[in-house]
Each structure stands twice: as structure tokens, then as C-alpha cells.
Amino acid sequence: MTETMTTSNQPPDRSEESPRSGLRSGSLERRGGAQLQTDQGNTTIADSVVSKIAGVATREVPGVHDMGKGASRAFGALKDKLPVGASGPNPARGVKVEVGERQAAVDLDIVVDYGASIVDVAQSVRKNVVDRVEGMTGLEVVEVNISVDDVWLGEEEPEAEPRVQ
């Protein structure tokens, strides 16, 4: 398989980059023409906002059963059963983001349904997260890293009756 890449003759602007993901500070025009920085003021977007958007976008993809690593999912399942607090799963569980002034990087921990193509699910998740985050925030998503931590095999079987009473 051969990929074709289009390159620019200009070197990339690497001023004030984050060492982790190449995030650069500065202004970026939002797709569609709106700006995050204008003469009238600046718009800043919190990491938690991007995390929630990415989490919801990930859960929209068929084949994604849950999000988060084992301990996070166990704690979240316990919290979901309590009558106090918000209903439903935390939309940011399993999501870690790094947000700059113009760009964002997203790391996701997901559980895939058994039988689903992990490659197809990952591609769909990546596309949906990029589309939703860029569309809602105007930030350029420079990377979406996906870690498949488990495969959901179905409902766990209830414990059998003890043979000896």
C-alpha cells in the first residue's frame, strides 16, 4: 500500500511548540472563517470542553462499547449505580487532551465490541473526533491516538448455583 502525501515548499512554523505533540501557540482561523482571536477579543476553549466533545464523538461510533482503562471503567460503573450525581457515563472518561491556542491533540482509551473490526472502528473514531472537535471549536486536531484496552465479549454470565448446599 502506498500513501501519497502533499507537501508544502514552506517549512512548518514550529515556534513555541509543545514537545509532546507539536502544538503551537498563536492564532488560527477557524474552518469556515470564524477566528479564535480577533480584534474584538480572544476565545479560549478549556481542555474539559474538548475532552467532552471527543468523548461523545467517540461513543457515537458503532463498535465502541465503553471508554477508559480497567480501573476507570470499574470506578465509573460503580459511580453510575449510585443514586447521587449525574446520570450516564462521564463523557470525558477515557479521554486525555492537550489544547493549545490553535491546536489540540487527543488520546483515547476504548473498549471495542467483539466481532467489530478494530481497524475500521479506530478509523471511524478518529474521523468523527476530528470532525466534531474541529467543527465545534475551530481548533486544528493534530493527532488522535487510540488505545484499544479491551474487547467486550457480551454480558457476563451470572454465577452458577453452588453444587453443594
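Give the range 106-144 a look and list any residue that's loosely packed, with under 13 Cβ neighbours inside 10 Å and within 22 Å of ALA46 (Cα to Cα), or say none. The answer is ASP131, and nothing else. If you check LEU36, LEU78 for being out of contact with any Pro (no Cβ under 9 Å at 6 or more places or on another chain), aliphatic (A, V, I, L, M), modelled with pLDDT under 85 and within 23 Å of ILE110 (Cα to Cα), only one passes: LEU78. Checked against (1) under 12 Å from the mean Cα position of the chain (by Cα); (2) part of a strand (DSSP E or B); (3) hydrophobic (A, V, I, L, M, F, W, C), VAL133 passes all but a single condition, namely (2).
The values are calculated or read from the model by the stated rules, or taken from the named source; none is laboratory data. Being a predicted model, the structure only gives us computed values, none of them experimental. All Cβ positions, even for glycine, are placed from backbone atoms using ideal geometry, and neighbour counts span all protein chains on display.
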